[in-house]
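Engineer: Below you will find the structure I want to go over with you.
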Amino acid sequence: MQNYKAYMTVWPTDGFEYVQCCPVCGSDLRSLLCDDLRDYFFESAPGCWALHRCEDCGCAYLDPRPSQATIGIAYSRYYTHRDEAGDAASASRRLWHRLRDDYLMKEYGFAANHPLWPGRWLVRLMPSRKRYLDNVLARNLPKAHGPDRLLLDVGCGNGGFLLFAMNAGWNVRGIDFDPVAVKVAQGRGLNVTEGSIESLMSERDRYDLITLSHVLEHVSDPVKMLKDCYRLLKPGGTLWLDTPSIGSQGFAVFKSFWRGLEPPRHFVLFNRQCLVNVLKDVGFVKMRDGFASFVTETLWRESKEIAKKAGEPKRFAYSTVFLIMAQFRATISPNLREFITLTCKKPD
């Protein structure tokens, strides 16, 4: 493992930030969860990393973590640097896309080029795929009902979701700190700017919907980001977010090799109850959970791949039997899911 190609170099010695207390609640009481964490998945970030659990709120955080001056190293091979729209698809996949688009057109007002009826009915007969379309692809997007409805995707990456929302009738805007991803998004004709949410400090009560798809875990101060989202939303506006859960069954089984850790890009990992409490403290109301069952299978598979790369011996807990049990538990308990997916409202 020590000779693994991604770790032949080390992180710059002057490129760390040290975290004195929990970034979520401010407590300095903590315990070590995992050390010797490595970037096995994207193989772009050298070095070893340590994850700690806050003894008060139960969230986990990286200490030390990359500085703002060096964090770009960890994104040098990130998935948002590709434009998936050009990826080739098989005949069966193209058929599925046409059936899927008929459902999306009916449910979300998506302007599909070649929808194939009766996809709107067939998708409903496949609960797992329907949950994926609703909770992941469409992010539970309300119908636009007019061109003035404004959507902001924070951490928009290469703009995949913005394209979907725009084709569903929304007026869309994106922001991302990664210049490569921003360039890809702009190349797709999208209104995307480089920067962080702090660059929108002059705005208030502007957006009908803000989405945060796997963004909170990447920022050094996630509570401030949620407060900024609250300020930016119109009264009655909606926040949708998705983030890995440190309370998940996957972490309990795979520990250091769990896909959701993704060191050192993931600075903070919430558990569901803590995140709900923070959202309520900020002022959000009407919490609603979302769930896509395929996520459990995907993270299980990718975590097994990471464990294999690390030279970890096979364990029965990684098996299909445990996966099926985890999928069942995730269906009935939001606290055990791999991702926390929440929709909430700013009061009118």
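The values are calculated or read from the model by the stated rules, or taken from the named source; none is laboratory data. Worth saying up front: this structure is predicted, and the values here are computed from it rather than measured. Cβ atoms come from the backbone with ideal geometry, glycine included; neighbour counts cover every protein chain shown. With ligands, DNA and RNA removed, areas are computed over all heavy atoms of the protein, side chains included. Shrake-Rupley method; radii C 1.70, N 1.55, O 1.52, S 1.80 Å.
Engineer: Going through segment 292-316 one residue at a time, which ones are part of a helix (DSSP H, G or I) and loosely packed, with under 12 Cβ neighbours inside 10 Å?
Structural biologist: Across segment 292-316, the qualifying residue is only F316.
Engineer: Then there is this: Restricting to segment 9-35, and then to whatever is of a type in the set (S, T, Y) and within 20 Å of S67 (Cβ to Cβ), can you tell me which residue is modelled with the lowest pLDDT?
Structural biologist: T9
Engineer: Is it the case that some residue within segment 277-290 is assigned to a loop (DSSP other than H, G, I, E, B), out of contact with any Leu (no Cβ under 8 Å at 6 or more places or on another chain) and more than 28 Å from G72 (Cα to Cα)?
Structural biologist: The answer is yes; a qualifying residue exists.
Engineer: In segment 242-273, which residue that is of a type in the set (D, E, K, R) and open to solvent by less than 20 Å² (accessible area, probe 1.4 Å) is nearest to the chain's Cα centre (by Cα)?
Structural biologist: In this case the residue turns out to be D242.
Engineer: Hey, can you tell me all the residues within segment 205-227 that are open to solvent by less than 20 Å² (accessible area, probe 1.4 Å), in a helix (DSSP H, G or I) and free of Cβ contacts under 8 Å to residues at least 60 places away in the same chain?
Structural biologist: L216, E217, L226, listed by residue number.
Engineer: Using the structure shown, decide if S256 is touching a Cys at 6+ places or on another chain (Cβ under 9 Å), in contact (Cβ under 8 Å) with a residue 12 or more places away in the chain, part of a helix (DSSP H, G or I) and farther than 30 Å from D348 by Cα.
Structural biologist: In short, yes.
Engineer: Considering (1) out of contact with any Gly (no Cβ under 9 Å at 6 or more places or on another chain); (2) outside any strand (DSSP E or B); (3) under 19 Å from A330 (Cα atoms); (4) touching a residue at least 24 places away in the same chain (Cβ under 8 Å), say which one L241 fails and leave the rest.
Structural biologist: (2)
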